[in-house]
Amino acid sequence: MTQDVKIKRALLSVSDKTGIEDLASQLQELGVQIISTGGTLKRLKEAGVQAISVSTFTGAPEIMGGRVKTLHPKIYAGLLCRRDNAEDNEQLGQLDYRMIDLVVVNLYPFRETLARPDTDDAEIIENIDVGGPSMIRASAKNHESVTVVVDPDDYARLVELLKTNDGATDPAFRKQCATKAFSLTTAYDAAIATYFSCGKDEEGVLFPRQLTLRYSSRAKLRYGENPHQQAELYAMDGFKAATLLHAETLSGKELSYNNYGDLDATLDILLDFEEPFACVLKHANPCGAATGETLAEAYQRAYDSDPLSAFGSIIGLNREVDMACAKLLHETPFVECILAPSFAEDAFKLLKKKKARRLLALPEIAAGRMKNQVVYKNIRGGLLVQTADDLITLESSLKVVTHRAPTPEELKSLMFAWKVVKHTKSNAIVLAKGDATVGIGMGQTSRVDSGFMAVKRAGDRAKGAVMASDAFFPMPDGVEVATDAGVTAIIQPGGSKGDEKAIEAADKADAAMVFTGARHFKH
């Protein structure tokens, strides 16, 4: 059946009673008979709506404290009867059953109950809905004949359609509602399965036996990485950490697929810094990063690290953008996006003058990184899951392995470079002076090539700089490239069979070297 269906009889049974009285009143005005249950029925009668109980409709009482009320053949025959099937209709008539054309149902608050700190297993399990999902599935399965509404936001659309379509719903609306209904029951069952797998403290179980992730579409993107690829943006339901999906786009054209990837890398590095910090990213890699006394100072130093690569970049800032910083940003030749916690009013007025430049505000940046998060990476036919790289390296944990220990100034710079190299694609080398990068090499198949790249970009600024390497040096050549350029101190994980040769090379150049004991691969 692909035609309009007149709504003559409706079953209303909701846990979330938002807007239910108004909906029922509107249905009553349209001549719809209303069947209802428990608390919903009580609310409707208090609102002056004429409704009959499910018990009256089925001829069977609610039993077991309301656990059994809608689980009755008369309900499911009314929902599953195929209107264009003569045998179904004949059986319905022989049994003196009636069709139900509309079901408005939402579910017991299982996830909300689970989230409350004071609930025990008995209360949580009692909030597993049985009848609701069953009615929703039955109605959605028979959506050619039955309209199922699970979202209060759809009540107004339903009423408008009934008023303009002679009291009937059309096939397109019913299918849209059925899609939303099955999505609801899927998410509901996934939450229950997760609870049984992990218990109440599901965050304490990082890798459950069965992993169920749910994503909802947020936007259709213009294209993917390249114009010939199609793309869509999805949001993971229930993800609690700061994400770009929480950001507000204040100005500029819509974000692209590549913008989202670069902005995510930008957010990742911003969350690691507490002092005023700025970073310039290109293709998900930092090409400049710095801290400063002010945000403007931090940005200028980050930009100066590699002005050539900064063209067409993403800029990240971890403080509200003031006018001093905005003036520098506005003078930057071409910027794709600027991400910051917020923008001062005068700064925003200046920056939005360039219509193509996207300005995104994400206040959660100021809160820093959440601990104990897991990250996901798709592979063909599977998913890689790991804990996030949120390891914090302390100065006290460093091991000095050369004759000379780093000076206090070198040590400060080494710790800064170590934070930045963590966010740079492997093989990764970062050269820094003070608390600003001067040369970055990344994404090469040999570490020494990344060293050559970083030294080339730094030029004369390599003299007196420090170097961070995301992983150990298997041979001394990477150290030699840096010290020959004037690098005076090095931070690296250590742990290679070639450590002794790397240490010898550093000692020969009178450079200090410290081991962290942990690497920061980022592939």
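Counting Lys +1, Arg +1, Asp -1, Glu -1, what net charge surrounds ASN165 among other residues with beta carbon under 11 Å of its beta carbon?
That works out to -2.
May I ask for the net charge around VAL448, where only other residues with Cβ less than 11 Å from the Cβ of VAL448 are counted and Lys, Arg are +1 while Asp, Glu are -1? It would help to have the intermediate numbers written out before the result.
On the way: positive: ARG447; negative: ASP449, ASP477, GLU480.
Here the count lands on -2.
Give the lysines reachable from LYS501 as a straight Cα distance under 23 Å; neighbours fewer than 8 places away on the same chain don't count.
By straight Cα distance, LYS501 reaches LYS399, LYS463.
Run lengths n ≥ 4 of DSSP H only: what is the helix-derived mean residue ellipticity at 222 nm for the chain, with -39500 (n - 2.57) per run over all residues, to the nearest 500?
-10500 deg cm²/dmol
Just name one of PHE348, THR147, ALA24: the one whose Cα is farthest towards the positive end of the charge dipole of the chain (beta-carbon charges, Lys/Arg +1, Asp/Glu -1).
Highest projection toward the positive end goes to THR147.
Can you pull out the trypsin sites (Lys or Arg not before Pro) in region 213-272 that DSSP calls coil and that have at most 11 other Cβ atoms within 10 Å? Write down the numbers at each step before the final one.
Details: sites: ARG214, ARG218, LYS220, ARG222, LYS240, LYS253; in loops: ARG214, ARG222, LYS240, LYS253.
Passing both the DSSP loop test and the Cβ count: LYS240.
So for the chain, averaging the separation of alpha carbon pairs under 8 Å that are six or more residues apart and normalising by length, what relative contact order in percent results? Spell out each step's value before the answer.
On the way: 1039 pairs, mean separation 45.3, N = 523.
Averaging sequence separation for qualifying contacts and normalising by length gives 9 percent for the chain.
Using a Debye calculation, one point per C-alpha and no hydration shell, please list log10 I(q)/I(0) for region 33-133 at q = 0.10, 0.16, 0.22 Å⁻¹ in order.
-0.37, -0.82, -1.19
Considering only DSSP beta bridges where both residues belong to region 395-515, give the percentage that are antiparallel (nearest 5). Before the final figure, lay out the partial values.
Numbers: 11 of 18 bridges.
So the antiparallel bridges in region 395-515 amount to around 60 percent.
If you add up the charges near ASN89, with Lys and Arg at +1 and Asp and Glu at -1, over every other residue whose beta carbon is less than 11 angstrom from its beta carbon, what do you get? Don't skip to the end; give the middle numbers.
Working: positive: ARG82, ARG83; negative: ASP84, GLU87, ASP88, GLU90.
My count for the surroundings of ASN89 gives -2.
Would you work out which of VAL466, ALA511, THR402 lies farthest towards the positive end of the dipole of region 395-515, given +1 charges on the beta-carbon of Lys and Arg and -1 on that of Asp and Glu, about the Cα centre?
VAL466
Rounding to the nearest 20 debye, state how big the charge dipole of the chain is about its Cα centre with +1 on each Lys and Arg Cβ and -1 on each Asp and Glu Cβ. Present the calculation step by step, with values, prior to reporting the outcome.
Values: 62 positive and 70 negative charges, 196 e Å.
Approximately 940 debye in magnitude.
Antiparallel as a % of all DSSP beta bridges within the chain, to the nearest 5? Kindly include the intermediate steps, with their values, before the conclusion.
On the way: 40 of 69 bridges.
Within the chain, antiparallel bridges account for around 60 percent of the total.
Once you order the gyration tensor axes a ≥ b ≥ c over the Cα atoms, which shape class does region 395-515 get: rounded for a/c under 1.5, otherwise prolate or oblate by comparing a/b with b/c? Mind showing how you got there, number by number?
Values: a/c = 1.26, a/b = 1.08, b/c = 1.16.
In terms of gyration-tensor shape, rounded.
Over region 277-340, what relative contact order in percent results from Cα pairs under 8 Å that are six or more residues apart?
Numbers: 124 pairs, mean separation 21.4, N = 64.
Computed over region 277-340, the figure is 33 percent.
Per residue, how much space in cubic angstrom lies within the convex hull of the C-alpha atoms of region 90-184? Walk me through the numbers before you get to the answer.
On the way: hull volume 11.6 nm³, N = 95.
It is 122 Å³ per residue.
Going by alpha carbons, how many degrees (0 to 90, nearest 10) lie between the helix axis of 171-198 and the longest principal axis of the chain?
60
Quick check: the distance between the Cα centres of region 467-523 and region 143-177, to the nearest angstrom?
Going from one Cα centre to the other spans 67 Å.
Would any residue of region 103-135 have its amide N under 17 Å from a label point 7 Å out along Cα→Cβ of ILE52? List them or say none.
103
Once the Cα atoms of helix 447-458 and of the chain are each reduced to a long axis, what angle between those two axes, in degrees from 0 to 90 to the nearest 10, is obtained?
With rounding to tens, the tilt is 80 degrees.
Only sites in a loop by DSSP and with at most 14 other Cβ atoms within 10 Å count here; which GluC sites (Glu not before Pro) in region 286-395 make the cut?
Details: sites: GLU293, GLU297, GLU320, GLU331, GLU336, GLU345, GLU364, GLU395; in loops: GLU293, GLU320.
Passing both the DSSP loop test and the Cβ count: GLU293.
Between 0 and 90 degrees, rounded to the nearest ten: what's the tilt of helix 155-164 against the longest Cα principal axis of the chain?
Its long axis makes an angle of about 50 degrees.
Out of these labelled values of semi-axes √(5λ) of the Cα gyration tensor in Å, (1) 38, 32, 22; (2) 35, 27, 24; (3) 61, 25, 19, which was calculated from the coordinates shown here?
So the calculated entry is the one marked (3).
Scan region 16-117 for trypsin sites (Lys or Arg not before Pro) in coil per DSSP, keeping those whose Cβ has at most 11 other Cβ atoms within 10 Å, and list them by number. Don't skip to the answer; put the middle values down first.
Values: sites: LYS17, LYS42, ARG43, LYS45, ARG67, LYS69, LYS74, ARG82, ARG83, ARG98, ARG111; in loops: LYS17, ARG67, LYS69, ARG82, ARG83, ARG98.
For trypsin sites (Lys or Arg not before Pro) across region 16-117 that sit outside H, G, I, E and B with at most 11 neighbouring Cβ atoms in 10 Å, the list reads ARG67.
Past the 26 Å Cα-Cα mark, which pairs from LYS456/LYS522; LYS419/LYS456; LYS175/LYS253; LYS412/LYS497; LYS425/LYS456? The partial results should precede the final answer.
Details: LYS456/LYS522 22 Å; LYS419/LYS456 21 Å; LYS175/LYS253 33 Å; LYS412/LYS497 28 Å; LYS425/LYS456 18 Å.
The answer is LYS175/LYS253; LYS412/LYS497.
Taken together, the values in this text are just the output of simple stated rules run on the coordinates, not laboratory data. Small disclaimer: the values here were computed from a predicted structure and weren't measured. Ideal geometry is used to build each Cβ from the backbone, glycine not excepted, and the neighbour counts take in all protein chains shown.
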